[in-house]
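Notes follow once the structure below has been shown.
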Amino acid sequence: RPWELKKTESIDVMDAVGSNIRVDTYNWEVKRILPRLNNQINEEWISDKTRYSCDGLLKQRLDVPYIKKNNKLQKSSWDEAIDLILNKISSVQPNKIAGHIGDMVNLENALAFKKLFKVLNSSNIEFREKKFYINSSEKMNYIFNSSIRGIEDSDLILLIGTNPRHEATMVNARIRKAFAQKKTPIFSIGNPGNLTYDYTILGNNSEDIKKILNKEVEFSKKLLSAKKPIIIIGESALGLKSGKYIFEEIKNFLKNNNFITKDWNALNFLPQNASTVGLIDLKILSEENEKNYSFFEKLKNNEFKLLYFLGSDNLEFKKNDEFIIYQGSHGDRGAEIADIVLPSVAYTEQNGLYVNLEGRVQECKKASYPIGDALEDWKIFNLIIKKIIKTENLSNFSLLRKEVLNS
């Protein structure tokens, strides 16, 4: 019954929108997820993915550490798993160790992961699942500057290489609202399929963008005569070889035509994962990784001997003879190829900060408790660091939170 449920106000981490939700739990189980009113972000709506994602919280959960013996994952203890990890680390050169951060990792755990890699003397950390262009020199380069609410004020929307219905459902709902109420014209480069509203396809490649920016097509006039246009650039456009050109040229075009001002910023990047913006803020990527995709190049050439996956399941990766540590809450794709599996907690079982696509910092609240021997990610890193540098003064959650908020 509804009155038997404990209610926790939290945020959703299924995509980068950061919809405000209420998590209802009974004993240890998450029973339902409901929307919470926030007119800036999701109004009173949530996506189906958000609403039903809690059904998977009990399935295939990792509750104890596992170690691969004779090609089979077998249950183990924390001590045995940590000792094996330390033996491996000591036998591998630091530059052959790499880490990949998954799509739902909060800021505190990501910072703790970065600290662990500092102890290991390695800078091979990456959070992108595929190569796409990022320019972290300015905050406005990697957030949704017009804001989700601003979609309603705009008078022209251009989508470039993005499918908002799939990548950020609540943003799509706002675009539909603008279309339904104000008949805002919507255009797209690329064909995202059915978006629940009418839009005009202007082309399918970088050449078509170039023509718009060089004012060679009719659409350029429409764009220049708009008062508050919105240009939304998706990860798939930035993942092209011309990704850098697309982003920088669009930004210059908007600057030169006064569409990036104090009152209105038409440049918008639409990330797909809840953790993306926060991890760029934390400067997780080294400059070399950000600009030259050196992590992906080394991964492709099998240069890494030890890979540490933190909640990461979507990296396209063919295992060779690397030693893989997987740390996550579910027995997902990452756990299948791992040599050691460390059980951590799901997003409803810990407190943590996330930055949504507009750059808003929000807190995901603990609604239930970890199962079995699962530990929060930062506690697991502390177990490893403690053995490597033989120290007791390790960072705890409140220190990590402070450091995140000051960065």
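The values are calculated or read from the model by the stated rules, or taken from the named source; none is laboratory data. Remember, it's a predicted structure, so these values are computed and weren't measured experimentally. For neighbour counting, all protein chains shown are included, and Cβ atoms are generated from backbone atoms with ideal geometry for every residue, glycine included. To get the accessible areas, we keep the full protein, side chains included, count just its heavy atoms, and leave off ligands, DNA and RNA. Shrake-Rupley method; radii C 1.70, N 1.55, O 1.52, S 1.80 Å.
Within the range 276-293, the residues that satisfy the criterion of being open to solvent by 10 Å² or more (accessible area, probe 1.4 Å), over 18 Å from residue 112 (Cα atoms), part of a helix (DSSP H, G or I) and in contact (Cβ under 8 Å) with a residue 40 or more places away in the chain are 288, 290.
Check the range 343-358 and report whether any residue there is of a type outside the set (Phe, Trp, Tyr) and part of a helix (DSSP H, G or I). Yes, there is a match, as at least one residue in the range 343-358 is of a type outside the set (Phe, Trp, Tyr) and part of a helix (DSSP H, G or I). Yes or no: residue 284 more than 30 Å from residue 26 (Cα to Cα) and under 17 Å from the mean Cα position of the chain (by Cα)? Answer is yes for this residue.
Note on the range 166-176: residues that are charged (D, E, K, R) and either modelled with pLDDT under 95 or open to solvent by less than 50 Å² (accessible area, probe 1.4 Å) (or both) total 2.
Looking only at residues in the range 393-406 that are open to solvent by 90 Å² or more (accessible area, probe 1.4 Å) and modelled with pLDDT under 90, the one that is nearest to residue 351 (Cα to Cα) is 406.
Considering only residues in the range 120-131 that are assigned to a loop (DSSP other than H, G, I, E, B) and under 13 Å from the mean Cα position of the chain (by Cα), the one that is surrounded by the fewest Cβ atoms within 10 Å (Cβ to Cβ) turns out to be 130. Residues that are free of Cβ contacts under 8 Å to residues at least 60 places away in the same chain and of a type in the set (S, T, N, Q) were ranked within the range 104-134; the one that is nearest to residue 296 (Cα to Cα) is 122. Condition first: among the charged types (D, E, K, R), in contact (Cβ under 8 Å) with a residue 60 or more places away in the chain and either farther than 23 Å from residue 30 by Cα or touching a Leu at 6+ places or on another chain (Cβ under 8 Å) (or both). Can you find one or more residues in the range 320-336 that meet it? So far as the range 320-336 goes, no, none of its residues is among the charged types (D, E, K, R), in contact (Cβ under 8 Å) with a residue 60 or more places away in the chain and either farther than 23 Å from residue 30 by Cα or touching a Leu at 6+ places or on another chain (Cβ under 8 Å) (or both).
Among the residues of the range 132-159, those that are buried (at least 17 other Cβ atoms within 10 Å of the Cβ) and over 16 Å from residue 280 (Cβ atoms) comprise 146, 147, 148, 150, 151, 154, 156, 157, 158, 159.
May I ask you to verify whether residue 359 is buried (at least 23 other Cβ atoms within 10 Å of the Cβ), within 19 Å of the chain's Cα centre (by Cα) and of a type outside the set (A, V, I, L, M)? Spelling it out, it is not the case that residue 359 is buried (at least 23 other Cβ atoms within 10 Å of the Cβ), within 19 Å of the chain's Cα centre (by Cα) and of a type outside the set (A, V, I, L, M). For residue 317, the requirement of being part of a helix (DSSP H, G or I), open to solvent by less than 60 Å² (accessible area, probe 1.4 Å) and not small (Gly, Ala, Ser) is not met.
Filtering the range 249-259 to residues that are part of a loop (DSSP other than H, G, I, E, B) and touching a residue at least 12 places away in the same chain (Cβ under 8 Å) leaves 257, 259. Comparison of 334, 328 shows that the only residue that is among the small types (Gly, Ala, Ser), out of contact with any helix residue (DSSP H, G or I) (no Cβ under 7 Å at 6 or more places or on another chain) and open to solvent by less than 10 Å² (accessible area, probe 1.4 Å) is 334. Could you say whether any residue in the range 1-23 is in contact with a Cys (Cβ under 6 Å, 6 or more places away or on another chain) and either small (Gly, Ala, Ser) or open to solvent by 80 Å² or more (accessible area, probe 1.4 Å) (or both)? The answer is yes; a qualifying residue exists. If you go through the range 294-314 and pick out every residue that is crowded, with 20+ Cβ neighbours inside 10 Å and small (Gly, Ala, Ser), you end up with 2.
Residue 399 meets the conditions (1) among the aliphatic types (A, V, I, L, M); (2) touching a residue at least 12 places away in the same chain (Cβ under 8 Å); (3) closer than 27 Å to residue 10 by Cβ in every case but one. The failed one is (2).
Considering only residues that are part of a loop (DSSP other than H, G, I, E, B) and farther than 29 Å from residue 341 by Cα, which ones fall in the range 260-275? Correct list: 261, 262, 263, 264, 266. May I ask you to list the residues in the range 372-392 that are in contact with a Ser or Thr (Cβ under 9 Å, 6 or more places away or on another chain), assigned to a loop (DSSP other than H, G, I, E, B) and open to solvent by 50 Å² or more (accessible area, probe 1.4 Å)? 373, the sole residue that qualifies. Where strands (runs of 3 or more DSSP E) fall entirely within the range 33-119, those with at least 3 residues that are open to solvent by 70 Å² or more (accessible area, probe 1.4 Å) and not aliphatic (A, V, I, L, M) are at 72-75.
Condition test on residue 363, is it among the acidic types (Asp, Glu) and either assigned to a strand (DSSP E or B) or touching a Leu at 6+ places or on another chain (Cβ under 8 Å) (or both)? Criteria met by residue 363.
Within the range 199-216, residues that are of a type in the set (Asp, Glu) sit with their Cβ atoms under 9 Å from residues that are surrounded by 12 or more Cβ atoms within 10 Å (Cβ to Cβ) and not in a helix (DSSP H, G or I), at 6+ positions apart or across chains, in these pairs: 208/189; 208/202; 208/217.
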